[in-house]
Amino acid sequence: MHASRARATVTFVPESHRDVGLVRAVGPWALAASIVSMIVGAGIFAVPAALAASVGPYAPLAFLACGVAVGAVAICFAEGGSRVPTSGGVYGVIEAAFGPLVGYIAGILLGVGDVLACGGVSAALGDVLASLFSPSVAVAVRALVIIGVVGGIALLNVGGVARGARLVSATTSIKLVPLVIFIIAGLGAIRGSNLSQAAVHPDLQGLDRALILATFAFIGMEASLCASGEVTQPNRTIPRALAIALVSTTILYIAIQIVAQGLLGSSLATSRAPLADAMGQIHPALRALMLAGTTLSMFGWVSSDVLGSPRQIFAFARDGMLPRVLGRVHPRSHAPHIAILCYAALAILLALTGSFAELVVLSALTTAALYAVGCAASWVLARRDVALAGAPLNFRFLGTASVIGIGSMLVLIALGSRQEILGLITTIGLSALIYLVQTRTALARE
């Protein structure tokens, strides 16, 4: 939609009525930094090995393709968020466009994708630390790490949101430091012959896995866009920040993959701690440093996830969309303790029974469905000229971005196996059934 047409037809609630008390002080660089922080999490420490196993030295191209696809989704989310600001995130935008049933399904997809990702990252963390021990005890160490980390973080959060928030704050700043060290130290030690070595001969199935895994590494940008009420000149700042963040992240990921391949060659595909093993080719001290950085980054990601994701379950239960018991709060800490413990238990179970690659593929496919519907919702809201909190973004090429975003996410889902696609369809069907049953039950009681 062209900006001139939108400004002529849109009716909106004055911004001051909705954003009272907020200060628009976040510029493009600050917003871009927030988006990068959300995207660059634990996945990039494990994904390079899985990509190498799938398509060998062609892995950087997978990052490039997924950067373009997720960039189109981010533009759509920015448009939708500027039109319907909501604490419910993307599923709130979807509900505004398509109604409560689709909004409920979107919320379930978001929750399922989150717990699968948490299980996958926890599994990867267990693998990294287990690699320090002999094979005879590695399995036991992996299980203890998963249970101890996820369970410990959950218990900390049961003690109150302030404790969980302090843990997240303490681990957030360490995400990028080991990656910068990795690139700087590794560029000068790359062996050209390693860049042409492939652990496997790329085939269609290998390409499928590579694209899905690379997409997982880009997931997370939508969270930062929730701060649109505090962004200066959002119609300019948001597109610039998205461009800065996604271009820089794509370049960062491609550089990491090239350095890892250049240092490890064909052995990258079988590495359980790829970035640490790559640094070990230069100096043992760098391997230890990277291993510590990998562990802390994964730990920080799990800490952040366990702080936020269970509260989505709590909110759903509070609104009557899930069993009421999940909406209870602890009498002393006032934390949603049952939701936290149930979420942690499910994540632990997934991590113990699955691998990083298996779980994050399922998470990426689930999130892809959410992203596709989110793109469609943003386009619908723009076509209806909905604007509830001031002038919307009015991105000139929203239609193109929507086509690219929806199309790429549908292609990504199609790349999944038959069992994975069937599982996604089953999740959507069960969500719709549960919603309809709950709605009819509530009407009967009235």
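The values are calculated or read from the model by the stated rules, or taken from the named source; none is laboratory data. Everything quoted here is computed from the prediction, not taken from an experiment. Heads up, the Cβs are rebuilt from the backbone with ideal geometry, glycines too, and the neighbour counts pull from every protein chain shown. Please note that ligands, DNA and RNA were not included when accessible areas were found on the heavy atoms of the full protein model with its side chains. Shrake-Rupley method; radii C 1.70, N 1.55, O 1.52, S 1.80 Å.
Structure values in brief
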| quantity | calculated |
| --- | --- |
| Test: residue in segment 373-387 that is within 16 Å of the chain's Cα centre (by Cα) and under 19 Å from ALA124 (Cβ atoms) | no |
| LEU61 open to solvent by 10 Å² or more (accessible area, probe 1.4 Å) and on the phi < 0 side of the Ramachandran plot | yes |
| Residue that is surrounded by the most Cβ atoms within 10 Å (Cβ to Cβ), among those in segment 373-382 that are within 20 Å of ILE425 (Cα to Cα) and of a type outside the set (Gly, Ala, Ser) | CYS375 |
| First in segment 83-98 and modelled with pLDDT under 75, second anywhere and buried (at least 20 other Cβ atoms within 10 Å of the Cβ) and not small (Gly, Ala, Ser), Cβ under 6 Å, 6 or more apart | TYR91/LEU110 |
| Segment 150-167 - residue that is open to solvent by 30 Å² or more (accessible area, probe 1.4 Å) and among the aliphatic types (A, V, I, L, M) and, of those, nearest to LEU349 (Cα to Cα) | LEU155 |
| Conditions (1) open to solvent by 20 Å² or more (accessible area, probe 1.4 Å); (2) at pLDDT below 85; (3) in a helix (DSSP H, G or I); number of the one not met by GLY300 | (1) |
| Per-region count, segment 198-213, residues open to solvent by 70 Å² or more (accessible area, probe 1.4 Å) and modelled with pLDDT under 70 | 4 |
| All positions within segment 304-333 that are surrounded by 15 or more Cβ atoms within 10 Å (Cβ to Cβ), among the hydrophobic types (A, V, I, L, M, F, W, C) and in a loop (DSSP other than H, G, I, E, B) | MET321, LEU322 |
| Residue selected from segment 40-77 under the condition within 14 Å of the chain's Cα centre (by Cα) and of a type outside the set (A, V, I, L, M, F, W, C), by the criterion farthest from ALA292 (Cα to Cα) | GLY71 |
| Residue within segment 20-40 that is modelled with pLDDT of 60 or more, within 28 Å of VAL177 (Cα to Cα) and touching a Phe, Trp or Tyr at 6+ places or on another chain (Cβ under 8 Å) present | yes |
| Test: ARG272 is assigned to a loop (DSSP other than H, G, I, E, B) and at pLDDT below 80 | yes |
| Residue among LEU349, LEU424, LEU398, LEU370 that alone is open to solvent by 30 Å² or more (accessible area, probe 1.4 Å) and either of a type in the set (S, T, N, Q) or modelled with pLDDT of 90 or more (or both) | LEU349 |
